[in-house]
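**Student:** Okay, handing you the structure first.
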Amino acid sequence: MSRPKNQNYKGHGLPKGKEREQRASIRFKTTLMNTLMDVLRHRPGWVEVKDEGEWDFYWCDVSWLRENFDHTYMGEHVRISHFRNHYELTRKNYMVKNLKRFRKQMEREAGKLEAAKCDFFPKTFEMPCEYHLFVEEFRKNPGITWIMKPVARSQGKGIFLFRRLKDIMDWKKDTRSSDDQKDEIPVENYVAQRYIENPYLIGGRKFDLRVYVLVMSYIPLRAWLYRDGFARFSNTRFTLNSIDDQYVHLTNVAVQKTSPDYHPKKGCKWMLQRFRQYLASKHGPEAVETLFSDMDNIFIRSLQSVQKVIISDKHCFELYGYDILIDQDLKPWLLEVNASPSLTASSQEDYELKTCLLEDTLHVVDMEARLTGREKRVGGFDLMWNDGPVSREEGGPDLSGMGTFVTNTHLGCVNDRKKQLRQLFRSLQGQKKTPN
């Protein structure tokens with residue numbers, strides 16, 4: 001939505017002509033008092049702006065975006081941390097709607113085999129508008145488990161499992177969106193989704209993966225994948241005999257930390273490197289490569305599904321938190337995509353991961369204008385899509401279908417980011433800066 005410029009517009013940034021010059025001072029603003037604030041305050045040359053002061057960089061929350069984006073003028077170099085209609089990917093019902101539409105498009109344009117590459121989300125119905133379709137599907141498969149999720153809440157709030165139609169009557173009693181995430185456009189309240197009844201278990205416990213993807217542009221699509229992430233475990237051994245026990249079925253840290261046997265220092269997370277090594281020891285490296293390649297497919301296809309509907313603004317970037325579930329057949333399933341993944345640390349290891357993640361996010365966003373725009377790796381981030389697949393080989397053709405083509409992703413691999421950053425910025429020193 002656009003509005004005519006008027007006296008209520010707020011301007012941010014530098015005068016024209018100074019956009020791509022290297023800047024000695026970056027004025028930043030954020031309302032998030034967690035790891036992010038620590039990283040921003042310790043970044044050389046960055047200065048915090050409070051209240052109504054002018055800023056160059058704003059890590060905003062989605063409520064600010066909704067209320068202010070359309071009447072805020074931003075200079076060429078100014079950056080904010082969300083795309084205007086991010087909810088096309090991060091609201092559960094819109095994500096599924098866009099994935100279904102994209103799958104149909106793929107089948108029309110490239111055939112059923114290509115469309116099958118989009119079969120990575122469980123059968124899902126939007127409620128209440130698809131209630132009758134859901135009932136039809138429900139009756140085809142009596143006895144299976146379904147999961148009900150509010151479309152606009154997070155941290156496991158409002159989620160429950162069910163096997164009988166009468167169990168979902170209560171959801172009609174509360175059709176309000178959560179106050180902190182509702183948007184001005186009308187949304188339905190829940191999705192009913194087929195529950196993955198055969199999750200891969202480690203130590204008898206269910207888990208999901210949190211993976212970080214940084215999108216710098218949708219047109220053209222330019223996306224980076226972070227090497228680090230974590231597996232989040234439930235505290236209680238998995239069973240389908242107690243579908244009401246959230247400590248068995250929901251892996252969200254916000255849920256698990258309320259468990260009586262939760263250990264604050266230990267937490268319930270594995271770093272992705274440990275997870276990848278565990279799988280390799282159990283199933284061999286080839287099976288692990290296939291699994292992680294299938295996850296790459298999820299990241300790219302999901303972004304492509306919203307590429308034409310998300311407003312691609314040069315001032316915007318977004319760090320997404322992908323939640324992936326693995327089943328016993330080593331098939332990955334997309335559960336949801338978070339526009340505001342938690343940046344609050346649950347342990348020292350978690351704090352170190354998120355500190356490095358945010359530092360590297362700022363390196364890629366490049367407010368200091370140091371990069372050439374041709375980098376395939378910046379710290380822990382690898383460029384996985386640049387208007388097409390990116391080859392791991394230096395100077396290799398960025399075209400899929402080549403016999404030797406290997407995608408430039410290293411999820412769960414060694415993250416020697418400090419060494420890489422030293423080499424990168426040393427090589428950039430003295431080089432003539434070229435525009436992106």
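Please treat every number below as a calculation from the coordinates, not as lab data. Computed from a predicted model, the values in this text were never measured in an experiment. Please note: Cβ atoms are built from the backbone with ideal geometry, for glycine as well, and neighbour counts cover all protein chains shown.
**Student:** What is region 296-398's relative contact order, in percent, from Cα pairs under 8 angstrom and six or more apart in sequence?
**Tutor:** 15 percent
**Student:** I've got another one for you. Would you please put 192-200, 275-283 in order of how densely packed they are, using the mean number of other Cβ atoms within 10 angstrom per residue and starting with the highest?
**Tutor:** 192-200, 275-283
**Student:** If you don't mind, another one. Cβ neighbours within 10 Å, averaged per peptide: list 129-136, 377-384 in order, most packed at the top.
**Tutor:** Order by mean packing, descending: 377-384, 129-136.
**Student:** Please report the spacing between the Cα centers of region 65-97 and region 303-324 in Å, no decimals.
**Tutor:** With region 65-97 and region 303-324 each reduced to a Cα centre, they are spaced 9 Å.
**Student:** What order do you get for 354-365, 39-50, 87-98 when each peptide is scored by the mean count of other beta carbon atoms within 10 Å, highest first?
**Tutor:** Highest-to-lowest ranking by the protection proxy: 87-98, 354-365, 39-50.
**Student:** Dividing the alpha-carbon Rg of region 286-358 by 2.2 N^0.38 Å yields what?
**Tutor:** Computed over Cα atoms of region 286-358, the ratio equals 1.33.
**Student:** Starting from the Cα of LYS331, step 7 Å along the direction of its Cβ; do the same at ARG163; then give the gap between the two resulting points in nm.
**Tutor:** A separation of 2.2 nm, rounded to one decimal place.
**Student:** Okay, moving on. Filter the cross-link list LYS92/LYS282; LYS104/LYS354; LYS92/LYS308 down to pairs whose alpha-carbon distance in this structure exceeds 29 Å.
**Tutor:** LYS92/LYS282; LYS104/LYS354
**Student:** List the equivalent ellipsoid semi-axes of region 44-112 in whole Å, largest first, each obtained as the square root of 5λ for an eigenvalue λ of the Cα gyration tensor.
**Tutor:** So the three semi-axes of region 44-112 are 36, 13, 11 Å.
**Student:** Amide H to amide H under 5 Å from TYR190: which residues, 5+ apart in sequence or cross-chain, H placed 1.01 Å off N in plane?
**Tutor:** MET127, VAL151
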